[in-house]
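Shown next, in structure tokens, is the structure this report addresses.
The values are calculated or read from the model by the stated rules, or taken from the named source; none is laboratory data. Since the structure is predicted, the reported quantities are computational estimates derived from the model, not experimental observations. Using ideal geometry, Cβ is built from the backbone for each residue, glycine included, and neighbour counts are taken over all protein chains shown. Remember, those area values only see protein heavy atoms, side chains included, never the ligands or the DNA or RNA. Shrake-Rupley method; radii C 1.70, N 1.55, O 1.52, S 1.80 Å.
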Amino acid sequence: MKPSRLTTLATVFALFAGLSPAGETPQSDKAADQRGAAVSNEQNATEIDLLKKQLAEQQKQIEDLRLIVLGQKKQIDNVTKKEAVTVTVPSAVAPSAATSTQVASTVPYIPSTVLAKASPLPPVIPFPVTPPPQKSPGKDAANPCEAAGEAQSPTFIHIGDTCLVPVGFMDFTSIWRDKNAASGIGSNFGNIPFNNATAGMLSEFRFSPQNSRLGFRFDGSWKGAHFMAYNEFDFLGTSGTNNLGVTNGAFVPRIRLFWVDVRKDNLEFLAGQSWSLLTPNRTGLSALPGDLFYSQAIDVNYMAGLTWSRQPGARILYHAMNDKFTAGISFENPDQYIGGSGGSSATAVTLPAAAALSGIGGTQVDNATNVLNTPNLKPDIIAKIAFDPSKRFHFEVGGVERTFKIYDSATRSYSTKEGAGVLIGANGEIAKGLRLISTNFWSDGGGRYLFGQAPDFMVRADGSISPIHAGGTVDGFELTVKKNTLLYAYYGAYYIGKDTALDANGTTKIGYGYAGSANSDNRAIQEISFGFNETIWKSARYGAINFMGQYEYLTRDPWAVLTGQPKAAHDNSLYFNVRYTLPGSMPPIK
């Protein structure tokens with residue numbers, strides 16, 4: 001409505017309102033009416049201008065809201081279609097010629113974005129935002145991971161200021177043995193059946209997913225310190241069900257690793273369940289699986305002759321010379337062990353007949369029938385030094401100190417004895433892709449660190465402790481061919497010394513390896529293994545698929561051979577394995 005029309009109407013209304021009953025208008029009233037009409041015209045003009053400004057402001061707010069919504073939509077499109085985070089997939093097993101990564105899984109991740117500040121939203125938005133139509137799963141449904149084309153996706157998750165990488169791979173393992181060792185997919189090196197036993201007359205074959213592994217790794221930094229938490233478990237736990245092979249393969253998870261590590265400058269501290277510091281390293285003294293040497297074997301018990309354990313403990317490391325030199329000391333879970341054959345239920349050591357000493361098995365010492373109730377005096381103390389002059393070479397020297405203690409209730413006396421062992425190892429890339437490896441351990445009372453194939457000590461008739469000599473070695477090579485194929489071959493061996501004495505009667509023999517002892521008292525266990533690991537397909541975004549094979553030849557020789565009995569037992573094993581490794585890489589920690 002124009003102001004001229006409003007003025008005319010106002011004048012008309014004023015004239016009608018000002019008429020007297022006789023139809024006469026006094027002159028004074030006319031003047032007042034004219035002044036009132038002028039004031040009214042000014043007020044109306046002001047109100048119209050204010051209304052126009054309000055309408056223009058509302059229109060501007062609506063336009064601003066439209067631009068904000070469009071801007072947010074563009075930001076979401078940029079995140080899902082254009083942004084790409086570059087990650088590196090760690091090498092398969094170790095910094096050398098490794099073939100299967102230890103870290104895992106692609107997880108959807110959208111980095112946080114900064115949205116534009118906006119005015120408060122009005123009660124009603126005049127234009128609805130309709131989401132794009134969603135396709136139901138089917139042959140035409142697109143993989144959301146392909147939205148970024150060939151760009152790589154982040155394989156970690158941000159949780160606050162930390163990063164999480166899922167860890168793991170899925171294994172499908174097949175194994176054939178020409179002896180029925182009844183040890184699952186892992187070899188029980190010291191208990192190979194003899195040819196004249198029923199188990200030696202039968203072969204065995206099985207499929208298994210039990211070596212599949214899952215876990216996670218957290219990384220972060222705080223006040224100049226880098227902290228890391230690592231967890232890993234597989235499905236080789238002992239199951240209480242009887243239908244594993246009949247109707248339900250409900251294999252039980254078991255913890256392998258669960259530790260936390262903090263490093264600041266040259267000092268590093270680790271606590272939790274980890275690979276023992278006595279386990280051979282490929283580089284430095286790192287506890288990460290990819291930095292350790294436990295062979296490329298498919299066998300979940302690795303190689304005969306290997307020194308290793310996974311157990312709770314705490315360690316302190318010192319790094320120098322830009323990490324070329326590392327020294328560490330570790331305090332680890334102790335166990336007074338007199339069993340054999342990798343923790344079998346049969347006690348390897350023959351104890352004295354005296355009641356006070358014959359009953360210490362399972363109460364004072366671990367004879368493989370008890371669970372974590374051995375009264376140990378103090379932790380095993382392990383020290384180790386590593387020297388890495390370059391990425392191609394690694395040298396290490398380590399040692400373990402142990403203390404054993406038992407009580408003779410008949411004489412009310414204690415017996416305490418120290419045990420010790422020395423580890424020496426090296427590996428080096430002597431030619432492109434070819435790495436030689438050697439690790440060696442010799443001990444007086446360190447049998448349980450040789451996969452429990454030897455007892456730690458025997459007990460004499462007077463109740464004194466005598467540590468048993470035992471050692472192991474693994475030597476071989478790993479060869480990487482055309483980056484996708486790994487070939488390997490190893491020789492491994494355990495040697496267990498005999499330690500015998502006469503019982504209190506002066507005629508009966510006791511200890512380990514005496515004439516007439518059980519054929520489970522092994523003198524030597526030897527293995528030759530070779531195999532391959534072929535990377536069929538790999539992607540930084542989707543992981544890798546590997547096909548693996550291993551041939552294993554095992555022998556064991558007991559100290560005592562009865563007349564007419566075989567002098568040794570042997571076993572041939574074939575492993576084939578298909579592995580899908582989840583992708584994964586940790587971003588740089590600043």
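Check the stretch 183-193 and report whether any residue there is in contact (Cβ under 8 Å) with a residue 24 or more places away in the chain, surrounded by 13 or more Cβ atoms within 10 Å (Cβ to Cβ), under 22 Å from the mean Cα position of the chain (by Cα) and outside any loop (DSSP other than H, G, I, E, B). Taking every residue of the stretch 183-193 in turn, none turns out to be in contact (Cβ under 8 Å) with a residue 24 or more places away in the chain, surrounded by 13 or more Cβ atoms within 10 Å (Cβ to Cβ), under 22 Å from the mean Cα position of the chain (by Cα) and outside any loop (DSSP other than H, G, I, E, B). Within the stretch 431-459, the set of residues being within 21 Å of Gly476 (Cβ to Cβ) and in contact with a strand residue (DSSP E or B) (Cβ under 6 Å, 6 or more places away or on another chain) comprises Gly433, Leu434, Arg435, Leu436, Ile437, Ser438, Thr439, Asn440, Phe441, Trp442, Leu450, Gln453. Go through Phe325, Phe331 for me and flag whichever is under 27 Å from Ala368 (Cβ atoms) and either at pLDDT 95 or above or surrounded by fewer than 24 Cβ atoms within 10 Å (Cβ to Cβ) (or both). That would be Phe331, the only listed residue that is under 27 Å from Ala368 (Cβ atoms) and either at pLDDT 95 or above or surrounded by fewer than 24 Cβ atoms within 10 Å (Cβ to Cβ) (or both). Among the residues of the stretch 261-280, is there at least one that is in contact with a helix residue (DSSP H, G or I) (Cβ under 9 Å, 6 or more places away or on another chain) and in contact (Cβ under 8 Å) with a residue 60 or more places away in the chain? The answer is yes; a qualifying residue exists.
A single entry from Arg412, Arg435, Arg392 fulfils the requirement of being of a type in the set (D, E, K, R), open to solvent by 40 Å² or more (accessible area, probe 1.4 Å) and touching a residue at least 12 places away in the same chain (Cβ under 8 Å): Arg392. Filtering the stretch 544-573 to residues that are closer than 16 Å to Phe172 by Cα and either out of contact with any Gly (no Cβ under 8 Å at 6 or more places or on another chain) or of a type in the set (Gly, Ala, Ser) (or both) leaves Ala544, Ile545, Asn546, Phe547, Gly549.
How many residues are more than 35 Å from the chain's Cα centre (by Cα) and acidic (Asp, Glu) if we restrict to the stretch 389-417? Final tally of qualifying residues: 1. Would you be able to say whether some residue in the stretch 375-388 is without any contact (Cβ under 8 Å) to a residue 40 or more places away in the chain and more than 25 Å from the chain's Cα centre (by Cα)? Yes, the stretch 375-388 contains at least one residue that is without any contact (Cβ under 8 Å) to a residue 40 or more places away in the chain and more than 25 Å from the chain's Cα centre (by Cα). Only one of the numbered conditions (1) open to solvent by 40 Å² or more (accessible area, probe 1.4 Å); (2) modelled with pLDDT of 90 or more; (3) not hydrophobic (A, V, I, L, M, F, W, C) is not met by Asn231, and that is (1). Here Asp571, Asp557 are screened, and the one residue that is touching a Leu at 6+ places or on another chain (Cβ under 7 Å) and closer than 21 Å to Gly190 by Cα is Asp571. Within the stretch 395-409, the residues that satisfy the criterion of being within 20 Å of Gly362 (Cβ to Cβ) and open to solvent by 60 Å² or more (accessible area, probe 1.4 Å) are Lys405, Tyr407, Ser409. Sort through Ala493, Ala461 and tell me the only one that's surrounded by 17 or more Cβ atoms within 10 Å (Cβ to Cβ), hydrophobic (A, V, I, L, M, F, W, C), at negative phi and in a loop (DSSP other than H, G, I, E, B). From the options Ala493, Ala461, the qualifying one is Ala461. All but one of (1) in contact with a Ser or Thr (Cβ under 8 Å, 6 or more places away or on another chain); (2) at pLDDT 95 or above; (3) among the charged types (D, E, K, R) hold for Asp366; which doesn't? In the conditions (1) in contact with a Ser or Thr (Cβ under 8 Å, 6 or more places away or on another chain); (2) at pLDDT 95 or above; (3) among the charged types (D, E, K, R), Asp366 misses (2) alone. Right, Asn577: over 22 Å from Ser358 (Cα atoms) and within 28 Å of the chain's Cα centre (by Cα) or not? Yes: the conditions hold for Asn577. Filtered by the rule that a residue be more than 23 Å from the chain's Cα centre (by Cα) and in a strand (DSSP E or B), the stretch 194-221 gives Glu204, Phe205, Arg206, Phe207.
Taking the listed residues Phe451, Phe441, the one that is on the phi > 0 side of the Ramachandran plot, buried (at least 21 other Cβ atoms within 10 Å of the Cβ) and hydrophobic (A, V, I, L, M, F, W, C) is Phe451, with no other qualifying. For the stretch 237-254, the criterion of a residue being modelled with pLDDT of 95 or more and over 18 Å from the mean Cα position of the chain (by Cα) is satisfied by no position. Taken as a whole, the condition of being open to solvent by 40 Å² or more (accessible area, probe 1.4 Å), without any contact (Cβ under 8 Å) to a residue 12 or more places away in the chain and more than 27 Å from Asn427 (Cβ to Cβ) applies to Thr563. For the stretch 194-226, the set of residues classified as of a type in the set (A, V, I, L, M) and open to solvent by 20 Å² or more (accessible area, probe 1.4 Å) consists of Ala197, Ala199, Met201, Leu202, Leu214, listed by residue number. Set side by side, the residues Thr411, Thr374 differ, and just one is touching a helix residue (DSSP H, G or I) at 6+ places or on another chain (Cβ under 8 Å) and either within 25 Å of Arg310 (Cα to Cα) or modelled with pLDDT under 95 (or both), which is Thr411. Taken as a whole, the structure places Ile255 among residues that are closer than 26 Å to Pro166 by Cα and among the β-branched types (Val, Ile, Thr). Note on the stretch 538-551: residues that are at pLDDT 95 or above and open to solvent by 60 Å² or more (accessible area, probe 1.4 Å) amount to 3. Can you tell me how many residues within the stretch 355-374 are free of Cβ contacts under 8 Å to residues at least 24 places away in the same chain and surrounded by 12 or more Cβ atoms within 10 Å (Cβ to Cβ)? Result for the stretch 355-374: 6.
Restricting attention to the stretch 416-432, the residues that are open to solvent by 20 Å² or more (accessible area, probe 1.4 Å) and among the small types (Gly, Ala, Ser) total 3.
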